[in-house]
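The values are calculated or read from the model by the stated rules, or taken from the named source; none is laboratory data. Owing to the predicted nature of the structure, the values given are computational and were not obtained by experimental measurement. Ideal geometry is used to build each Cβ from the backbone, glycine not excepted, and the neighbour counts take in all protein chains shown.
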Amino acid sequence: MFLLPRRLRQLLENKKGDDESRIFLQDEEIITLVRNAAKQQGRSEEEIITDFTRAGWDQLQQIAEMEERWDSLSRREQQVAALICLGHRNYQIAEILVIAPETVKTHLQNIFTKFNLRSSKELRLTLKDWNFAEWWEQNQQA
């Protein structure tokens, strides 16, 4: 899935009404994006706008779903997930959190189940756009 331009995401997130949709159609960056896509694909601008809107909505739904799954994790599971996404190995996570390596594995299995994933690599890919360095700084108290 492609990421939508920031302006389009903001408009979709704010659930713009009829008056604001006119603002959307006046945004030069978006107009250019829509025209170029329509030209490249040999489709109407209306079809492109519909597709962009659907894609944006789908992306927002996926983000909300991932945030909901994140919120379902225990604090310790969140710490383990964050450290995995920051590139740490299981033994390093055990050392950082002062827990047994087997406990790290148990937390990872719980995380994988809640996110419907099978591996740390899948977890990193799923949450690749999240800023875990900042999250870790704010949440490093055990």
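What to note about this one:
- Tallying residues that are in a helix (DSSP H, G or I) and more than 15 Å from the chain's Cα centre (by Cα) within the range 55-77 yields 4.
- Complete set of residues in the range 32-70 that are of a type in the set (A, V, I, L, M) and farther than 16 Å from ASP129 by Cα: LEU33, VAL34, ALA37, ALA38, ILE48, ILE49, ALA55
For every residue, the table says whether it meets (1) in the same structural domain as ARG124 (by TED's automatic domain parsing); (2) loosely packed, with under 15 Cβ neighbours inside 10 Å; (3) charged (D, E, K, R); (4) modelled with pLDDT of 85 or more.
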| position | (1), (2), (3), (4) |
| --- | --- |
| ASP18 | no, yes, yes, no |
| LEU25 | no, yes, no, no |
| GLU29 | no, yes, yes, no |
| GLY56 | no, no, no, no |
| GLN59 | no, no, no, no |
| LEU83 | yes, no, no, yes |
| ARG89 | yes, yes, yes, yes |
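- Candidate set: the range 119-142, residues that are outside any helix (DSSP H, G or I) and of a type outside the set (A, V, I, L, M); chosen: the one surrounded by the fewest Cβ atoms within 10 Å (Cβ to Cβ): GLN141
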